[in-house]
Amino acid sequence: MNDMFDDILKQCKNTLAFKRISSTHPLDLYLGYNDLGKKTLALITNEVDLNFQSTKLIEVKIASREDGRKAVGFSLMDDTETDIFYRFCEDIYEATKSIQPENSIKVINNRWNRWINMFKNPHSLIMGEKEIRGLIGELVFLRDYMFKNYSIEKSITAWMGPNSSHKDIEIDNTWYEIKTCYQSSKSVTISSIEQLDSNIDGHLCIVELEDSNRYVDGCLTLNKIVEQISKMIIDEKVKQDFNTKLTSVGYMYFEEYDNYIYFSKNINKYLVNNKFPRLKKEKLPKEIATVSYELLLPNLREFLEEE
């Protein structure tokens with residue numbers, strides 16, 4: 001989207017004007033220059049009932065307009081950081097594509113506060129490689145298994161991982177716990193008792209990834225699979241739910257995620273029933289609060305489900 005932002009700002013440069021970013025976006029988002037000649041993203045809205053803190057890099061001002069509406073302007077104070085400003089603009093644009101205008105201030109305020117934390121520590125909002133692989137694994141499972149066996153809407157609704165639920169997916173009286181590992185892995189870590197503890201049968205799902213590069217057909221990055229799934233979702237409310245869950249798990253678009261490139265090799269599903277080797281809370285001494293353990297995958301062959 002940088003090219004689009006560049007084009008808009010070139011059109012506004014000489015007149016210090018503003019131009020709406022998109023006529024199809026639900027919010028009145030404008031890009032241009034303020035009266036001091038600073039690149040500015042502006043939201044025009046009916047009311048502003050939250051405070052916006054400025055930073056050294058981006059100054060936030062709220063002004064009243066002659067038509068009675070409010071303008072919330074985010075102005076770049078250091079022109080050498082235009083790339084970061086564009087990234088911020090894109091994040092706000094994408095995060096609000098499917099929301100209702102009356103919810104805009106709350107959503108944008110939440111996103112802005114996350115950006116403030118990033119400005120304090122540039123690496124604070126970027127997930128580590130293990131988290132990146134884990135989220136890619138969950139999204140691969142949604143795309144390649146859930147969407148094919150359930151509806152997209154049911155799958156997104158059932159995806160509970162970002163909500164800190166004990167199971168990643170709960171649907172139709174069963175559940176799916178998703179683990180992501182390299183194809184050569186011989187074991188998988190169960191990080192809490194609750195992940196496999198249930199009175200109903202479920203499934204332990206192993207998504208196998210392999211390191212790859214951008215020249216391999218079908219390679220995956222976190223940004224790429226998020227975009228793929230977003231395009232698969234037609235219903236705007238479902239898309240909003242998907243974006244909300246991505247935000248809650250800590251995802252926002254960063255170019256750095258494109259440096260972690262994988263290839264999805266396989267998905268193995270194991271039936272977790274009463275015979276499956278797992279720890280259950282009811283059988284642990286009450287003095288034990290938390291437990292994590294590893295399962296040896298070669299020893300689970302009798303539970304492997306055929307597709």
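The values are calculated or read from the model by the stated rules, or taken from the named source; none is laboratory data. Only a predicted model underlies this, so the values are computations on that prediction, with no experimental measurement involved. All Cβ positions, even for glycine, are placed from backbone atoms using ideal geometry, and neighbour counts span all protein chains on display. Areas reflect the complete protein model, heavy atoms only, side chains present, ligands, DNA and RNA absent. Shrake-Rupley method; radii C 1.70, N 1.55, O 1.52, S 1.80 Å.
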What about E153, is it modelled with pLDDT of 85 or more, assigned to a helix (DSSP H, G or I), acidic (D, E) and under 16 Å from K239 (Cα atoms)? yes
Quickly run through the stretch 225-265 and pick out the residues that are in a loop (DSSP other than H, G, I, E, B), within 24 Å of D83 (Cβ to Cβ) and open to solvent by 10 Å² or more (accessible area, probe 1.4 Å). G250, Y251, Y253, Y260, I261
Scan of the stretch 197-224 for residues that are in a helix (DSSP H, G or I) and open to solvent by less than 50 Å² (accessible area, probe 1.4 Å), ordered by number: L222, N223
With the structure loaded, tell me whether T96 is more than 29 Å from K237 (Cβ to Cβ) and touching a residue at least 24 places away in the same chain (Cβ under 8 Å) or whether it fails that test. no
Identify all residues within the stretch 66-98 that are at pLDDT below 90, crowded, with 19+ Cβ neighbours inside 10 Å and aliphatic (A, V, I, L, M); write none if there are none. A95
Can you go through S104, S23, S54 and tell me which one is of a type in the set (S, T, Y) and in contact (Cβ under 8 Å) with a residue 12 or more places away in the chain? S104
The stretch 20-51: number of residues that are in a loop (DSSP other than H, G, I, E, B), open to solvent by 30 Å² or more (accessible area, probe 1.4 Å) and in contact with a helix residue (DSSP H, G or I) (Cβ under 9 Å, 6 or more places away or on another chain): 7
Just name the residue that is nearest to V216 (Cα to Cα) out of those in the stretch 266-307 that are surrounded by 14 or more Cβ atoms within 10 Å (Cβ to Cβ) and of a type in the set (D, E, K, R). K269
